[in-house]
Amino acid sequence: MTALLLALGGLALLLLVLHLEANLLGRAPEPGLRVLMYHRVGDHPARDTVPVAALERQLDWLRAEGFSFVTLTQLLAHRAGGAPLPPRPVLLTFDDGTADQLEALLPVLKARGLPAALFAVASFAGRELEYGGGRERFLGPEELRELSAAGVQIGIHSWSHRSLARLPPAEVEEECARAFAWFAGQGVPVEPVLAYPFGAYPRVPPAAREAFFAALRRGGVKLAFRIGNRVNPLPLATDFELQRIGVRRADGPWAFATKVRKGRRKAFA
Ligand SMILES: [Zn+2]
């Protein structure tokens with residue numbers, strides 16, 4: 001008798017789990033803007049480097065699911081004047097400006113005709129530096145111009161890649177204004193958009209956050225991205241706290257699909 005009850009209990013639990021999974025799979029993704037955050041593309045073993053084949057699979061899956069790939073220009077117009085975004089908008093973003101982002105990433109985007117955004121660190125451009133456990137070459141102005149001409153819009157990732165969370169407002173302003181001025185001086189078309197290095201900014205207290213946002217405005221920033229790993233509700237209600245969803249080497253197709261649907265990797269988190 002006890003064994004039978006246990007079996008029935010087990011069966012009920014199994015049905016409940018199957019029901020929850022089916023619900024998750026069958027439901028359309030919640031409305032909103034997804035911003036995916038990538039770093040290097042290729043075979044580097046760093047956990048935030050995504051292999052070319054995995055990136056191709058992810059982009060093809062997004063297209064098959066009916067996502068519309070949007071640009072920084074579209075987001076700026078949406079925030080400035082309420083221009084509607086296409087259905088299921090997704091923005092692809094790539095950080096730091098490493099050489100692979102021209103050599104490995106651009107062919108993948110070109111083959112599919114997809115736009116993207118690259119957040120480059122101005123003081124790294126054209127140099128070879130210690131980065132992510134080794135030496136890395138960073139794209140110079142000519143290469144950034146080539147990306148821009150191919151539909152990869154350039155935004156800033158600050159001047160020095162220092163965390164902006166504890167800098168005085170005057171230095172925050174300088175980190176942005178100097179980066180914009182440098183790209184403009186090199187003839188690299190640059191959008192008034194910033195991705196916070198390490199996703200860091202002063203969230204509290206509110207007075208510090210507001211002083212920080214004012215410094216961004218003085219520095220020429222109109223939109224800025226944190227990390228946060230969530231879907232952004234539409235219409236977008238913030239200029240400086242747009243959230244991105246980080247994609248990693250370890251994300252298989254199921255983990256990637258879950259991140260895109262829900263933001264966080266855990267299905268019920
Ligand atoms: Zn970075």
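The values are calculated or read from the model by the stated rules, or taken from the named source; none is laboratory data. Predicted model, so just to flag it, every value in this text is computed and none were measured. Because the Cβ atoms are built from the backbone with ideal geometry, glycine has one as well, and the counts that use them run over all protein chains shown.
Counting just the residues of region 120-136 that are closer than 10 Å to T98 by Cα and in contact with a Leu (Cβ under 8 Å, 6 or more places away or on another chain), which one comes out surrounded by the most Cβ atoms within 10 Å (Cβ to Cβ)?
Only one residue tops the list, namely A120.
So which pairs qualify, if the first residue must be in region 15-44 and within 17 Å of R264 (Cβ to Cβ), the second must be modelled with pLDDT of 55 or more and assigned to a helix (DSSP H, G or I), the Cβ gap must be under 7 Å, and the two must be at least 6 apart or on different chains?
P29/V260; P29/R261; R34/V260
Just need a number here: residues in region 79-100 that are within 12 Å of the ligand (Cβ to nearest atom) and either of a type in the set (V, I, T) or in contact (Cβ under 8 Å) with a residue 60 or more places away in the chain (or both).
Count: 5.
Given the condition buried (at least 17 other Cβ atoms within 10 Å of the Cβ), touching a residue at least 60 places away in the same chain (Cβ under 8 Å) and either of a type in the set (D, E, K, R) or out of contact with any Pro (no Cβ under 7 Å at 6 or more places or on another chain) (or both), answer yes or no: does some residue in region 164-174 qualify?
no
For region 201-240: of the residues being exposed (fewer than 15 other Cβ atoms within 10 Å of the Cβ) and part of a loop (DSSP other than H, G, I, E, B), which is farthest from the ligand (Cβ to nearest atom)?
Ranking the qualifying residues of region 201-240, first place goes to P235.
Buried (at least 20 other Cβ atoms within 10 Å of the Cβ), within 16 Å of the ligand (Cβ to nearest atom) and in the same structural domain as T71 (by TED's automatic domain parsing): does that describe E143?
Considered against the rule, which asks whether it is buried (at least 20 other Cβ atoms within 10 Å of the Cβ), within 16 Å of the ligand (Cβ to nearest atom) and in the same structural domain as T71 (by TED's automatic domain parsing), E143 comes out as no.
Between G113, G66, G82, which is surrounded by fewer than 17 Cβ atoms within 10 Å (Cβ to Cβ) and modelled with pLDDT under 95?
Sole residue among the options that is surrounded by fewer than 17 Cβ atoms within 10 Å (Cβ to Cβ) and modelled with pLDDT under 95: G82.
Could you run through region 138-176 and say how many residues are touching a Ser or Thr at 6+ places or on another chain (Cβ under 7 Å) and in a strand (DSSP E or B)?
Here the count works out to 3.
Taking L105, is it touching a residue at least 24 places away in the same chain (Cβ under 8 Å) and within 16 Å of the ligand (Cβ to nearest atom)?
When the stated conditions are applied, L105 passes them.
Which numbered condition trips up A7, out of (1) assigned to a helix (DSSP H, G or I); (2) modelled with pLDDT under 70?
A7 satisfies every listed condition except (2).
What do you reckon, is A181 free of Cβ contacts under 8 Å to residues at least 12 places away in the same chain, surrounded by fewer than 16 Cβ atoms within 10 Å (Cβ to Cβ) and part of a helix (DSSP H, G or I)?
When the stated conditions are applied, A181 passes them.
So is E136 of a type in the set (D, E, K, R), over 23 Å from G219 (Cβ atoms), within 16 Å of the ligand (Cβ to nearest atom) and more than 15 Å from the chain's Cα centre (by Cα) or not?
When the stated conditions are applied, E136 passes them.
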